[in-house]
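In what follows, a single structure is set out as structure tokens and then discussed.
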Amino acid sequence: MLALIGTVPRVDSKIIHGEVLFRNGYVSIGSENLPIHRGFPAMIAAAAMVCMESGFPPPLAFTSGDIGLGDGSRRLYKYLKDRLTDLPAKALTFHYLMPDINWHNQIFWAIEERLEKPILIADAGFMYVAKMSGYAPSYDLFTPDIGELAFLADDMAPHPFYTRGFICHDENNVPSLISRAYQGRNASKVMIVKGEKDYICNEGEIMAIIEEPFIEPLEAIGGTGDTLTGIVSALVHGGYAIEEAAIMAARINRLAGELAKPTPGTQVSEIMRYIPRALSMALEKHILGGNYEKRTFNRR
Amino acid sequence: MNLKGKKKERNSKNDRGFLVFHNTSEVIRAEAILRKKGWNVRVMGPPPELRTGCDLVIEFPLVEQLNIFRILKENRMPPLEMVPVDNPLMKPVDLIRTKDYGDYIMVRAANMKMTVEKNTLKIVNISGGGCPDVPYVAEELIGKTLKDAPSPKEIGHTLCAYALHMAYEEMKKICLL
């Protein structure tokens, strides 16, 4: 089972959980339909699409409303703390949640109580707090962009807003930022660093650089990082090794972007409709042998 | 490996900040305001870097800085400073990058990006960030012009919204508003 955890932008902080399905441009959790603009709904919709197209069981999602006051996040943390130990999820993806070390640690320790440790994926606010907590190396996958990578590379920064100026956020500085994040033990085992080039790293080593197709407007389009996190989560859930899933997901996300022919004004929902086609294209061997170091992949 | 306890003490303060005030009576009044609003805050002695004459500071959840500042300002109690507990001399990021896409322009501040269509000055995309108000603020801003859109600082609550506000201010400067 894949469990996806995060908040949605609405005032009502009641907990919603259930199977995630994508249909008619909406994503649903149980019987609740959510519009897909960006954020958590975009992430779970992308995961559900990949699961549906690939024949994987649909993911489960746990969410509540939070517009930044932290109430929905805390309610969700509290709800999960008592249930995570017994939740039979093999992979957990944490997303938009208010960064709070106390709650992070309670969630993390509940997971630690489990006999079989799940694959832990973190993006957005939960990735920030995973770094701040000092437990980043216990996570299997983070998906930072360059601004967030600079935050991971700065062992003093409590949030990307406080990343020190001498830690340069430039594209050409990515390898040294990756190295610094791993040296400071502020990185997960595997990372996808999103940008003009997507860097796939494992334990500090850059394993692959995905730079094609290069679709310049994607950086401006809100939610394209969320879809990447959803795609990689679904592939991991489907049995792909994390590094392999990361490479495939970066490729699929770029292909969907290329197929949509976006401008910087395009919305992510317009790109998402191309994920099924991008998935089948990426699964063809000639595409997987594209412009990055060729490797032999093994499914778990 | 069970890491419980090993890092608990070392990292438990990383997400906290200090509110600094002119004097002790302001600290006491600010604490009362925040507690009444349900915030989990704590009054304590300041670190040496923050000795400004006042013997007390208030510890608060740093990420929720924008919301707390707004509440204190509404109550005419704005703090002198809001700084991270672990490194009170640390300042907000001042690196702002601009990318020109021809018909569109994108501004990035820290982890937040705002894109505007040049002809119409309409906000067409907001990208990046991880705090829960980012999708909410994006929904409120996208589709509106820079003149009509609310400021991220007014409707946001967290440091991500603060970073977006910096991008928004820079965008207004570029667009000569």
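The values are calculated or read from the model by the stated rules, or taken from the named source; none is laboratory data. Please read these numbers as outputs of a predicted model, since none were measured by experiment. Counting neighbours? That spans all protein chains shown, and the Cβs are built from the backbone with ideal geometry, glycine included.
Does A:SER188 qualify as being over 30 Å from B:ILE142 (Cα atoms), surrounded by 23 or more Cβ atoms within 10 Å (Cβ to Cβ), modelled with pLDDT of 95 or more and not basic (Lys, Arg)? Yes; evaluated as a whole, the condition is true for this residue. Could you say which residue among A:ALA157, A:ALA208, A:ALA181 is crowded, with 16+ Cβ neighbours inside 10 Å, modelled with pLDDT under 95, more than 14 Å from the chain's Cα centre (by Cα) and among the small types (Gly, Ala, Ser)? Exactly one residue qualifies, and that residue is A:ALA157.
Got at least one residue in segment A:165-185 being outside any helix (DSSP H, G or I) and closer than 18 Å to A:ALA136 by Cα? Give the derivation first.
At the first step, the residues of segment A:165-185 found to be outside any helix (DSSP H, G or I) are A:165-170, A:184-185.
If we keep only those that are closer than 18 Å to A:ALA136 by Cα too, we end up with A:184-185.
Looking through segment A:165-185, at least one residue is outside any helix (DSSP H, G or I) and closer than 18 Å to A:ALA136 by Cα.
The residue that is farthest from the chain's Cα centre (by Cα), among those in segment B:124-159 that are within 10 Å of another protein chain (Cβ to nearest Cβ) and part of a strand (DSSP E or B), is B:VAL124.
If I filter segment A:230-244 for residues that are assigned to a helix (DSSP H, G or I) and within 12 Å of chain B (Cβ to nearest Cβ), do I get at least one hit? Checked segment A:230-244: no residue is assigned to a helix (DSSP H, G or I) and within 12 Å of chain B (Cβ to nearest Cβ). Candidates are the residues of segment B:22-72 that are assigned to a helix (DSSP H, G or I) and of a type in the set (D, E, K, R); the one that is nearest to the other protein chains (Cβ to nearest Cβ) is B:GLU64. Within segment B:97-112, if we keep just the residues that are of a type outside the set (Lys, Arg) and at the interface with chain A (Cβ under 8 Å from one of its Cβ atoms), the residue that is farthest from A:PRO262 (Cα to Cα) turns out to be B:ALA110. Taken over segment A:61-86, the residue count meeting the criterion of being crowded, with 20+ Cβ neighbours inside 10 Å, closer than 19 Å to A:GLU19 by Cβ and free of Cβ contacts under 8 Å to residues at least 60 places away in the same chain is 5. Residues that are without any contact (Cβ under 8 Å) to a residue 40 or more places away in the chain and part of a loop (DSSP other than H, G, I, E, B) within segment A:138-155 comprise A:ASP154, A:ASP155, listed in sequence order. Here the helices (runs of 4 or more DSSP H) wholly within segment A:32-129 that include at least 3 residues being within 14 Å of chain B (Cβ to nearest Cβ) and touching a strand residue (DSSP E or B) at 6+ places or on another chain (Cβ under 7 Å) are A:39-54, A:71-81.
Given the options B:LEU50, B:LEU121, name the one that is surrounded by fewer than 24 Cβ atoms within 10 Å (Cβ to Cβ), out of contact with any helix residue (DSSP H, G or I) (no Cβ under 8 Å at 6 or more places or on another chain) and under 27 Å from A:ASN102 (Cβ atoms). If you could, list the steps in order and put the result at the bottom.
On the way: B:LEU121 fails: under 27 Å from A:ASN102 (Cβ atoms).
Being surrounded by fewer than 24 Cβ atoms within 10 Å (Cβ to Cβ), out of contact with any helix residue (DSSP H, G or I) (no Cβ under 8 Å at 6 or more places or on another chain) and under 27 Å from A:ASN102 (Cβ atoms) holds for just one of B:LEU50, B:LEU121, which is B:LEU50.
Residue by residue through segment B:102-111, note down the ones that are buried (at least 18 other Cβ atoms within 10 Å of the Cβ) and touching a Lys or Arg at 6+ places or on another chain (Cβ under 9 Å).
Let us first name the residues in segment B:102-111 that are buried (at least 18 other Cβ atoms within 10 Å of the Cβ), namely B:104-111.
Scanning segment B:102-111 gives B:TYR104, B:ILE105, B:MET106, B:VAL107, B:ARG108, B:ALA109.
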